Amino acid sequence: MELYKYKAVSEKGEILEGYHEAQSESDVLIMLKNNNYYPMSVEENNKIDIKKDLFSKKVTKKDISVFCRQFYTMLNAGINIINCLDILEKQIEHKTLKKAIFAIYEDVQKGMTLSQGMKKHKSMFPSLLINMVEAGEVSGNLDVLMERMAVHFEKENKIKNKVNNALVYPVVLSIIAIAVVVFLIIVVMPTFIGMFETNGSVLPVSTRMLLTISNWLTNYWYLFILSVVFLLIGAIKFEKTEVGGLIIDNLKITIPGIKNISIKIITSRFTRTLSTLLSSGMPLLQALDVVKNIVGNRIVSNKLETAKEDIKKGISMSKTIKDTGLFPPMVDSMIKIGEESGALDDILYKTADYYDEEIEASIQKMTTLLEPILIVFMSIIIGFIVISMAMPMFDLVNTIEI
């Protein structure tokens, strides 16, 4: 399949431009004629293939939440799916998402369902959204599920923004600290120490050590940069491997400080997603299949797969979740109440709201503790450098007095 760019005129005289995947140019012409469009030009344009565009902006949770919110608003107003997609394609600003929506618009016109069209663009649309759209098509309440998805991704985006905002200050402070240290070692220290070397003074061990580092960074700075780049690339590739992913995901839920926030984020995502799926009428086992793929942690995902198998054997969900040993005690207690009352989806949603607030409190606490720790750490390093530069001066003064 190749991607073709076409330009055509509608029956009303409107000029239309778009992209269409087809085996040949003639297939594109047939598609245009079947839709009562008069083709003006058709040309192959693989450089902008939705699946191959390396420079396309990533579709974020915010983009998906806006997409769902706008889709819900139009469906609720009585607009059919084809017209909704047509309107969305014209007003969405995200270029890659715009192309995907147009491709889905064409597929739906050909007789595909909305979910089938979205499945062809899994890199942009989360599996959760595709599953919910499919459920909405079967049950006939697509507008309601689109609203739930809009709320879901809005809250997911809110949590992500809170975590990112909490990391801004520590990252900026770390960068400034590194810049100050590099400046002192590379620029200030050699100039300052050079005065004492000319006098034949014996420099202290700490001063000689820092001077060696200074010389190495000055002469081989490119090796240092290359090492950092290779380490970053290696870490990214390692995380993408099965073993590496499991190790890193395990560290996220075991390292003190990080563990608390990670577990709460996973819990919020698990309870909210499961609540949304169950309230849409999806069976529990099928819902767990979807949830285990979006919790964002492979260790938890494997535990949920085990829990699903136990539920098949007749064990209650509250018992299987408790046996995972990952979720806070409150979660299995709330699930047990939900199972007994028959309102599991509602209980899970309230649990998710509770952990959303807990996440915010934990992030605030972490930031409050991290700031003084970073300041003290930075002070120790800079203090060590300053003392190492000052020590030769003290030795020179002592020599003169003697």
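Quick rundown of the values:
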quantity: Cα→Cβ-extended label distance, 7 Å offset, between Ser127 and Phe394, nm; calculated: 6.2
quantity: The range 206-300 - accessible surface per residue (Å², probe 1.4 Å); calculated: 54
quantity: Amide N of the range 92-111 lying under 16 Å from the label point, which is placed 7 angstrom from the Cα of Arg69 along Cα→Cβ; calculated: 92-94
quantity: Rg/Rg_ref, the range 271-364, where Rg_ref = 2.2 N^0.38 Å and atoms are Cα; calculated: 1.03
quantity: Inter-centroid distance (Cα atoms) of the range 99-158 relative to the range 245-285, Å; calculated: 23
quantity: R0 of 22 Å, Cβ-Cβ distance Met209-Ile176: FRET efficiency to nearest 0.05; calculated: 0.40
quantity: Given 16 as the ceiling on other Cβ atoms within 10 Å, longest exposed-site-free region of the chain for chymotrypsin sites (Phe, Trp or Tyr not before Pro) in DSSP loops; calculated: 221-402
quantity: Glu154/Asn76 FRET efficiency (R0 25 Å; Cβ-Cβ; nearest 0.05); calculated: 0.90
quantity: Using a Förster distance of 56 Å, the FRET efficiency for Glu371-Lys33 (Cβ separation, nearest 0.05); calculated: 0.30
quantity: Per-residue SASA entry for Leu231, accessible area with 1.4 Å probe, Å² rounded to 10; calculated: 130
quantity: Label corresponding to semi-axes √(5λ) of the Cα gyration tensor in Å when calculated from the structure given, among (i) 41, 24, 21; (ii) 34, 25, 20; (iii) 54, 34, 17; calculated: (iii)
quantity: Coil-residue GluC sites (Glu not before Pro) of the range 52-149, DSSP, other Cβ within 10 Å capped at 12; calculated: Glu93
quantity: For the range 264-402: relative contact order, % (alpha-carbon pairs under 8 angstrom, 6 or more apart); calculated: 27
quantity: Cβ-placed point charges (K, R +1; D, E -1), dipole of the chain about Cα centre in debye, nearest 20; calculated: 320
quantity: Most fluctuating residue given options Asn260, Asn76, Asn297, as computed from a GNM of the chain linking Cα atoms under 10 Å; calculated: Asn76
quantity: Only Lys, Arg (+1) and Asp, Glu (-1) charged, at Cβ; the range 84-175 dipole about Cα centre in debye; calculated: 400
quantity: Relative contact order %, the chain, counting alpha carbon pairs below 8 Å whose residues are six or more apart; calculated: 14
quantity: 12 Å beta-carbon shell around Lys162, net charge (K/R +1, D/E -1); calculated: -1
quantity: Helix runs (DSSP H) in the chain reaching 27 Å along axis by Cα, Kyte-Doolittle at least -0.5; calculated: 142-183, 221-240, 258-279, 344-401
quantity: Where the range 79-165 is the region considered: accessible area per residue in Å², 1.4 Å probe; calculated: 45
quantity: Theoretical ellipticity at 222 nm over the chain - DSSP helices of four or more residues, -39500 (n - 2.57) apiece, nearest 500; calculated: -24500 deg cm²/dmol
quantity: Summed residue charge, Cβ within 12 Å of Ile258's Cβ, Lys/Arg positive, Asp/Glu negative; calculated: +2
quantity: Sulfur and carbon atoms: percent of accessible area, the chain [1.4 Å]; calculated: 62
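The values are calculated or read from the model by the stated rules, or taken from the named source; none is laboratory data. Here the structure is a predicted model, which means the values were calculated and not measured. Using ideal geometry, Cβ is built from the backbone for each residue, glycine included, and neighbour counts are taken over all protein chains shown. SASA here: full protein model, heavy atoms, side chains in, ligands and nucleic acids out. Shrake-Rupley method; radii C 1.70, N 1.55, O 1.52, S 1.80 Å.
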